Amino acid sequence: MRALEKRLDEKIKDYARPQQQARLKGHNLAELTLLVHGGFNIFAYNTPGGPQTARGYASCVHAFCRQHPSRDVFGRVWFFHSVDPASEINGMLGNPPDAGRIRFLAQIWPVLRVDERSVGDAAVFRT
């Protein structure tokens, strides 16, 4: 989570710079949205303390954004976590082809809201 928070802090600070704000205003954007991507690396690089769930990541990022002094630079922040199943391995092990498929989408700023269309293992974390 510290690595994710560090990267988010850098991104928020970058877009909060006056030069960036002036450049963005020139594009007449209605809203600036940040999309945070998850994937296999979330599982591969978890700390030894145990795996974090997609819902756990979304909650942590929401808490981080809530306390950040420049949090309003992005009108919305979304977290998308996607893992495709290993269909060949599933077949060899006798599992259904889609076992392990995850499509998890949550709006994490300004409100924490998990999209009801989330599927797979992460779907159990719906709010």
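Bear in mind that the values in this text are calculations on the coordinates, not laboratory data. Since the model is a prediction, treat every value here as computed from it, not as a measurement. Glycine gets a Cβ as well: all are built from the backbone with ideal geometry, and neighbour counts include every protein chain shown.
Okay, here's what the table says:
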| read-out | value |
| --- | --- |
| Separation in nanometres of the label points that stand 7 Å from Cα toward Cβ, at residue 93 and residue 11 | 3.0 nm |
| Residue 19-residue 117 FRET efficiency (beta carbon distance; Förster radius 25 Å; 0.05 resolution) | 0.10 |
| Net charge of Cβ neighbours under 13 Å - reference residue 6; Lys, Arg +1; Asp, Glu -1 | 0 |
| Value of D in µm² per second that Stokes-Einstein yields for the range 51-104, Kirkwood Rh from Cα pairs, at 10 °C (1.306 mPa s) | 117 µm²/s |
| Point-to-point label distance, residue 27-residue 53, nm (Cα→Cβ direction, 7 Å offset) | 3.5 nm |
